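Below: the structure, in structure tokens.
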Amino acid sequence: MRLPDKFFKERKLEYLVENQTSYTLNNASMHVFETHVQAEKVLLQFDQPVLASMLIGKKRMHLRDKPSFDFLPGESLILPSNEVMCIDFPEADQGNPTRCLAMAISDEKINNVINLMNDIMPKHDGTEWALMDYNYHFTNDASIYGIIQRLLYLFTENHPSKDFFVDNMLQELIIRILQGNSRENYIQNASKLSANNRLAYVIEYIGKHLHEPLSVSELSQRACMSESHFHKTFKEELGVTPIDYINSERIKMAIDLLKDPNRKIKEIYLECGFENRSYFNRLFKRKIHVSPGEYRSKFVKNT
């Protein structure tokens, strides 16, 4: 992810550890932190919910109720208000600084978006949308990446309407994050939820039958919904269409299988439920940005 040129022209580098450049608008503030030397146990806290997103370098994060983990470029983390972060910088130096975005979003803005979601896209099981109250660590998909990149530009832009522009982008960001969190919750807890939740039942079924042909028509019948209602409900709660979800899970399965150099690629794509090599290659490259063969050669080379 790239910071706008304007950021580097205007920011002042005063500290080598967590040098902070901040931009404040009505409903959010954006902070870019830069660290140019190795450091340990640096504490950071915000009084509002925060989206933290790594730009460059690596951090080692220590958070409550969660094992320590590496925080890398392309990843984001949702932190509740007043969460204390303890951060190590094992690789930072002046030639390889660590840069991280922290975007604090007002509770009012988040609650307004959540209320809107509950009004216009209520969950099928009667539960309500709500901000997760734990630390949600995820890899940015293309949509989240694009929104964050756009927000980096908007916050640094001198435009009289940028509050309005940022508010619109924040609404989309919050919705997509909540849908992604919902999707992850279904994946992690499908077996526990499936007896009383139709989408969880379908998610569990998909996971067990990725190697078989799967259609929206069949899945909607298993969910006891019309095809149109099932498609709409699935997309609103999980943020992706059923077919996109199936393909994404099949690519994840293929990634694991490709790590075995003794498995032929034809065996792999057939086992993952793909009927032909060209379709598999196209979807794999769209998601992973390299072909299956290139991915395998890199993985085998680095093991």
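The values are calculated or read from the model by the stated rules, or taken from the named source; none is laboratory data. The model shown is predicted, which means the values in this text are computed figures rather than measured ones. In this analysis, Cβ positions are derived from the backbone assuming ideal geometry, glycine residues included, and neighbour counts consider all displayed protein chains. Please note that ligands, DNA and RNA were not included when accessible areas were found on the heavy atoms of the full protein model with its side chains. Shrake-Rupley method; radii C 1.70, N 1.55, O 1.52, S 1.80 Å.
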Label model pair residue 145, residue 176: point-to-point distance (7 angstrom along the Cα→beta-carbon line) in nm is 1.1 nm
Express the relative contact order of the chain as a whole percentage, based on alpha carbon pairs under 8 Å and six or more residues apart in sequence. 13 percent
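If you put +1 on each Lys and Arg Cβ and -1 on each Asp and Glu Cβ, how big is the dipole of the chain around its Cα centre, in Debye rounded to 20?
The dipole magnitude comes to about 1180 debye.
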Nearest 10 degrees, 0 to 90: helix 198-208 Cα axis against the chain principal axis: 80 degrees
Which ³J(HN,Hα) values, rounded to whole Hz and listed in residue order, are derived for the stretch 61-68 from phi using the Karplus coefficients 6.51, -1.76 and 1.60 in 6.51 cos²θ - 1.76 cosθ + 1.60 with θ = phi - 60°, glycine and proline given as x? 9, 10, 10, 5, 6, 8, x, 4
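Run through every distinct alpha carbon pair of the stretch 150-303 and return the Kirkwood hydrodynamic radius in angstroms, one decimal place.
It works out to 17.8 Å.
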Residue farthest toward the positive end of the dipole of the stretch 169-264, with Cβ of Lys/Arg at +1 and Asp/Glu at -1: which of 253, 228, 185? 253
As a test of the formula, what do you get for the chain when each DSSP H run with n ≥ 4 contributes -39,500 (n - 2.57) and the sum is divided by the residue count, at 222 nm and rounded to the nearest 500 deg cm²/dmol? -15000 deg cm²/dmol
Rounded to the nearest 10 Å², the accessible area of residue 2 at probe 1.4 Å: 150 Å²
Applied in sequence order to the stretch 97-104, the curve 6.51 cos²θ - 1.76 cosθ + 1.60 (Karplus, θ = phi - 60°) yields integer Hz couplings, x standing for Gly and Pro, of x, 9, 10, 9, 8, 10, 10, 8
Between the stretch 244-259 and the stretch 127-198, how far is it from one alpha carbon centroid to the other, in angstrom? 23 Å
Diffusion coefficient, µm² s⁻¹, Stokes-Einstein with Kirkwood Rh over alpha-carbon pairs of the stretch 113-216 at 20 °C and 1.002 mPa s: 133 µm²/s
Over the stretch 98-245, relative contact order from alpha-carbon pairs under 8 Å, at least 6 apart, %: 19 percent
What is the Cα coordinate range of the chain on the first, second and third principal axes, sorted by size from largest, in whole angstrom? 59, 51, 38
For the stretch 14-94, size of Cβ-based charge dipole, Lys and Arg +1, Asp and Glu -1, in debye: 200 debye
So what does the Cα-only Debye profile of the stretch 43-183 read at q = 0.12 Å⁻¹, as log10 I(q)/I(0), no solvent term? -0.52
Could you give each residue of the stretch 237-245 its phi-based ³J(HN,Hα) in whole Hz, using Karplus coefficients 6.51, -1.76, 1.60 with θ = phi - 60°, and x for Gly or Pro? 8, 10, x, 9, 6, x, 5, 4, 5
Which of 239, 32, 206 sits farthest toward the positive end of the charge dipole of the chain, with +1 on the Cβ of Lys and Arg and -1 on the Cβ of Asp and Glu? 206
In the calculated pair distance distribution of the stretch 1-90, what percentage of Cα-Cα distances lie above 24 Å? 19 percent
Rounded to the nearest Å, what's the spacing between the alpha carbon centres of the stretch 24-47 and the stretch 54-84? Just the number, please. 12 Å
Helix 277-288 versus the longest principal axis of the chain: what angle, 0 to 90°, nearest 10, using Cα atoms? 20 degrees
In debye to the nearest 20, the charge dipole size for the stretch 45-153, taken about the Cα centre with +1 at each Lys and Arg Cβ and -1 at each Asp and Glu Cβ, equals 300 debye
Measure nothing fancy, just the Cα-based angle from helix 107-120's long axis to the longest principal axis of the chain, in degrees from 0 to 90, nearest 10. 20 degrees
